[in-house]
Amino acid sequence: MKVGVPKEIKAHEYRVGLTPGAAREYVAAGHRVMIETDAGAGIGATDDDYRNAGATILTSAAEVFASSEMIVKVKEPQPAEWSQLREDHILFTYLHLAPDPDQATGLLKSGCTAIAYETVTDAHGGLPLLAPMSEVAGRLAIEAAGSALKRSTGGRGLLIGGVPGVQPARIVVIGGGVVGTHAARMAVGLGAEVTIIDRSIIRLRELDELFEGRVRTRFSTIESVEEEVFAADVVIGAVLVPGASAPKLVRRSMLSSMRKRAVLVDVAIDQGGCFETSHPTTHADPTYEVDGVIHYCVANMPGAVPLTSSQALNNATLPFGLALANNGFSAVLENPHLRAGLNVHRGRLTYKAVAESLGLPFSPIEQAAA
């Protein structure tokens with residue numbers, strides 16, 4: 001199969017769809033890999049690195065799209081990209097369609113087959129292609145919070161871990177999944193006072209054992225969320241409903257009862273955000289203030305550490321990508337985990353939660369593929 005990798009064009013996105021090492025694996029499996037020139041610059045990979053891996057370098061994204069049967073990316077396609085997709089294209093990347101009707105419309109019009117990293121599953125019921133970036137984002141969330149808490153950036157002037165004799169920051173993590181666990185791990189390591197809120201008692205028990213009592217756990221109710229948010233210096237939004245828009249757990253009416261210049265870090269922003277006052281920001285301008293509360297809502301947080309992120313992502317996506325390259329759309333029909341990743345096919349939405357979030361018709365894969 002002809003596999004193309006365009007350079008990412010989303011603002012301050014430095015990751016790359018295939019590292020040279022991953023490209024070499026595709027070539028070894030008998031596929032032709034075409035890389036847009038400088039696509040790997042953000043991770044320090046040169047065109048020669050890709051040539052040495054057996055890939056062909058093309059001079060523009062237009063050439064990559066025109067020459068390829070399968071497009072491998074990191075972030076959702078931008079308008080200039082979805083307009084180049086065709087009916088015979090397989091697109092393999094993060095999509096996050098639920099809060100993005102424009103992108104959904106663009107992909108539907110293209111007729112392409114779009115498989116979303118974030119909804120591919122594994123035999124354990126997990127989301128293996130979302131997990132590595134969730135791990136990175138969870139860890140970065142605490143770094144972002146520490147920066148936003150500084151007085152010079154508009155925060156309370158608080159050090160996350162405090163010092164002997166001085167109270168550390170109080171950090172509340174809403175959601176005990178991969179993002180929340182890694183955020184809590186970083187926060188505990190820095191000496192913060194950490195509370196994790198989740199709706200699963202089983203998960204709360206697991207977290208209590210994992211952290212050996214170093215974090216507080218609370219079952220999620222309206223009352224518990226309000227109590228913890230109002231007392232927090234930092235709130236990390238780490239909730240996930242696979243494929244669907246994130247629920248709004250912190251309403252604007254709650255902000256006036258929060259500590260002034262407290263920080264909200266919305267890691268769920270790719271799925272629309274879990275704070276009512278969230279809207280996407282960029283690494284160039286990451287924060288804004290609403291009602292005296294600082295919001296950090298960067299939509300591609302792992303893009304800040306592209307070398308780590310690209311390697312971690314490629315480790316996870318490689319077996320699935322090779323299956324698609326080896327077998328084409330048949331891989332989706334034969335592999336239940338890739339089937340779960342299918343969001344768009346031949347102008348139809350094939351992921352129910354996405355269709356419901358967008359208010360558009362849902363087509364089961366059997367109907368869409370008929």
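The values are calculated or read from the model by the stated rules, or taken from the named source; none is laboratory data. The model shown is predicted, which means the values in this text are computed figures rather than measured ones. FYI the Cβ positions are ideal-geometry reconstructions off the backbone, even for glycines, and counts take in every protein chain you see.
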Within the range 30-55, can you find the residues that are out of contact with any helix residue (DSSP H, G or I) (no Cβ under 6 Å at 6 or more places or on another chain) and either among the small types (Gly, Ala, Ser) or within 26 Å of residue 301 (Cα to Cα) (or both)?
-> 30, 38, 39, 40, 41, 44, 46, 47
So which strands (runs of 3 or more DSSP E) are wholly in the range 68-132 and hold at least 3 residues that are in contact with a Gly (Cβ under 8 Å, 6 or more places away or on another chain)?
-> 70-72, 90-93
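Assess whether residue 317 counts as being touching a residue at least 40 places away in the same chain (Cβ under 8 Å) and not charged (D, E, K, R).
So residue 317 fits the description; yes.
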Whichever residue in the range 77-88 is surrounded by 20 or more Cβ atoms within 10 Å (Cβ to Cβ) and at pLDDT 95 or above and, among such residues, is farthest from residue 304 (Cα to Cα) | 85
Matching residues in the range 2-45 (in contact with a Gly (Cβ under 7 Å, 6 or more places away or on another chain) and surrounded by fewer than 20 Cβ atoms within 10 Å (Cβ to Cβ)) number 3
Going by the conditions given, is residue 278 closer than 30 Å to residue 341 by Cα and over 22 Å from the mean Cα position of the chain (by Cα)?
-> no
Looking only at residues in the range 163-180 that are closer than 20 Å to residue 129 by Cβ and among the aliphatic types (A, V, I, L, M), which one is surrounded by the fewest Cβ atoms within 10 Å (Cβ to Cβ)?
-> 178
Scanning the range 326-359 residue by residue, the ones that are buried (at least 24 other Cβ atoms within 10 Å of the Cβ), part of a helix (DSSP H, G or I) and touching a Gly at 6+ places or on another chain (Cβ under 9 Å) total 2
In the range 226-283, the residues that are closer than 18 Å to residue 134 by Cβ and hydroxyl-bearing (Ser, Thr, Tyr) = 245, 278
Would you confirm whether any residue within the range 283-292 is part of a loop (DSSP other than H, G, I, E, B), at pLDDT below 95 and surrounded by fewer than 24 Cβ atoms within 10 Å (Cβ to Cβ)?
-> yes
Among residues of the range 199-229 being farther than 15 Å from residue 251 by Cα and among the aliphatic types (A, V, I, L, M), the residue surrounded by the most Cβ atoms within 10 Å (Cβ to Cβ) is 215
